[in-house]
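The block underneath contains the structure these notes are about, expressed in structure tokens.
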Amino acid sequence: MKKVFVITCIIGTLLFSACDKKTQNSADGYTIETTINGLPDGVRAFLKVPNEKGVPQPKDTAVIQNGKFTFTGKLEHPELGFIYINGAEGNVNLLLENATITIDANKDNLSTSKVSGGKHNQEYVDFVEDSKALSEKVQKIRARYQKAVTTRDTAVINAAKKQVADLDKQAVEYQEKYVLDHPDSYISVMLVNRMLRSKLTTAKKAKQFFDALPDDMKKTRVAQDLFIKSTEMLRSTLGSVATNFSAPNPEGKKISLDEVKSKVTIIDFWASWCGPCRRENPNVVKIYEKYHKDGLEIIGVSLDGRPNQNNAREDWLRAIKTDGLQWPQVSNLDGFRDAIARTYNVRSIPATFILNEKGEIVEKNLRGASLEAKIKELLGK
């Protein structure tokens, strides 16, 4: 089933375990008091936090004594935390914040440990409790769907798909209401991040949400991730003015978008190694030759420079000559790490952005006859 069970993903994304109702905040820092039975003294526990790529990295180490261990420290901003214990399965997930947090750990499955304490952890408790009924419905439909797939029961499969669509709609509405009711919550920031990645909200709405956050919440890593992602997406949104850029052409001279812009302009992201790009090039050549005199201009941005290319520059130049690309070409020879690609949120190629005379992005990713039709329309042909 292609459709993701959204509410399940929300809970999975938040990465927590069931918590109780205790809440003790401490401006002096955090204290994480953990009790675990069944492990001998001397066993080590590790507190980790995610790096910029989301990979848990060591932050602190503690040693079990009499079935207990403690982590202490101080944070500028809340962040996700992960506790691993030698000899125990899984890990404890929590929101690390300046508060007293207690954990009743289950060595057989740390993910089922009881976590309590802290404003943000308590918000998660409420979120899980409120969404429990919807989550249980999802689990039942998931089981029914999987059984139907096994038995090839088409009627049940189709019915389950419809139920999933209805629950997905409810889940999105639930998320939107939660965010609206909790505009300064860490949980809300995580939800908006998730919705943006899943295309359940727009970059404009996500940016508006970020702008309304309290200053201290804006400084959290998850909020900064949201800001970067929404800003990148807005730069490439239809109706926005295309961001200027510059890069070297084949002769090494820097060429900018502003220098090239005309009545209609195409920004064409491609690469010599990209089969679909190369197959589309003859069509783009034909359109350029047909409409260049009427005010069409193109600037090609090559994403050559992948790690496995032995000589990216030679590949790029050879492709320009072989395909007969007559319009301005630029490249930093940096693959998908290219700053221009990041500016335009390009994750795959070919990718094209069509600009009108004002430099506004009016269409994206058209090919073949659709591309020519749009160019004709914009040129008034």
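The values are calculated or read from the model by the stated rules, or taken from the named source; none is laboratory data. Keep in mind it's a predicted model, so treat the numbers as computed, not measured. Here the Cβ positions follow ideal geometry from the backbone for every residue, glycine too, while neighbour counts run over all protein chains shown. Accessible surface is based on the protein model in full, side chains and every heavy atom, while ligands, DNA and RNA are left aside. Shrake-Rupley method; radii C 1.70, N 1.55, O 1.52, S 1.80 Å.
Structural remarks
- Accessible surface computed residue by residue for segment 94-198, with neighbouring protein chains in place and a 1.4 Å probe, gives 49 Å² per residue.
- Against the chain, whose longest principal axis comes from its Cα atoms, helix 275-291 is set at around 40 degrees.
- Peptide packing for 217-225, 184-192 was compared via the average number of neighbouring C-beta atoms within 10 Å per residue; ordered from the highest value, the list is 184-192, 217-225.
- Atom-type composition of the exposed protein surface of segment 107-227 places 52 percent of the accessible area on carbon and sulfur (1.4 angstrom probe).
- In the context of the full set of protein chains, segment 205-293 has a per residue accessible area of 49 Å² (1.4 Å probe).
- The C-alpha radius of gyration of segment 120-171, expressed as a fraction of 2.2 N^0.38 Å, stands at 1.41.
- Principal axis dimensions, segment 218-263 - Cα atoms, whole angstrom, descending: 43, 26, 12
- Projected over all directions and averaged, the alpha-carbon convex hull of segment 199-316 occupies 10.7 nm².
- Gyration tensor verdict on segment 170-212 (Cα atoms; rounded if a/c is under 1.5, prolate if a/b is larger than b/c, oblate otherwise): oblate
- Estimated [θ] at 222 nm from DSSP helical runs (n ≥ 4, -39500 (n - 2.57)) normalised by residues in the chain, nearest 500: -13500 deg cm²/dmol
- Here percent of Cα pairs over 36 Å apart was computed from the coordinates, and among (1) 16; (2) 20; (3) 44 the match is (3).
- Segment 279-319 shape via C-alpha gyration tensor axes, a/c threshold 1.5: prolate
- Degrees between helix 186-197 axis and first principal axis of the chain (Cα, 0 to 90, nearest 10): 30
- For segment 237-381, carbon and sulfur atoms together expose 47% of the accessible surface, with a 1.4 angstrom probe and every protein chain in place.
- Beta bridge orientation in the chain: antiparallel %, DSSP, nearest 5: 70
- The three principal axes of the Cα atoms in segment 249-317 give end-to-end lengths of 40, 27, 15 Å, sorted in falling order.
- Axis angle, to the nearest 10 degrees, between helix 119-151 and the longest C-alpha principal axis of the chain: 70 degrees.
- Dipole magnitude for the chain: about 1320 debye, using +1 per Lys or Arg Cβ and -1 per Asp or Glu Cβ, origin at the Cα centre.
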